[in-house]
Amino acid sequence: FNAIRSRRAHLAVVVDRGVIAGIVTLEDFLEEIVGDIPEDISGRVLKQAYSAIDLAAAAQNVENS
């Protein structure tokens, strides 16, 4: 998840002991948390998720400084 967040990527390759295990998307992460996201709003939801993630990361940086 951190790789997706830091690179603002929409997908990441999952590697297990040097072997590609699969591909995961930000939408996969979100759907695990909130359930199915309808296609017609998924783009908007992903933009809002990135904004929330950026806000949380900024808050964490302030706490750690």
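The values are calculated or read from the model by the stated rules, or taken from the named source; none is laboratory data. All values derive from a computational prediction rather than experimental measurement. Glycine gets a Cβ as well: all are built from the backbone with ideal geometry, and neighbour counts include every protein chain shown.
Restrict the check to the range 32-46 and report whether at least one residue is in contact with a Gly (Cβ under 7 Å, 6 or more places away or on another chain) and at pLDDT 75 or above.
Looking through the range 32-46, none of the residues is in contact with a Gly (Cβ under 7 Å, 6 or more places away or on another chain) and at pLDDT 75 or above.
List pairs: first residue in the range 20-42 and under 16 Å from HIS10 (Cα atoms), second residue acidic (Asp, Glu) and surrounded by 14 or more Cβ atoms within 10 Å (Cβ to Cβ) anywhere in the structure, Cβ distance under 8 angstrom, at least six positions apart or on different chains.
Within 8 Å, the pairs are ILE37/GLU27; ILE37/GLU31; SER42/GLU27.
Consider GLY18 carefully, then state whether it is modelled with pLDDT of 70 or more and surrounded by 10 or more Cβ atoms within 10 Å (Cβ to Cβ). Write out each step before concluding.
Details: modelled with pLDDT of 70 or more: yes; surrounded by 10 or more Cβ atoms within 10 Å (Cβ to Cβ): no.
Judged against the criteria, GLY18 is not a match.
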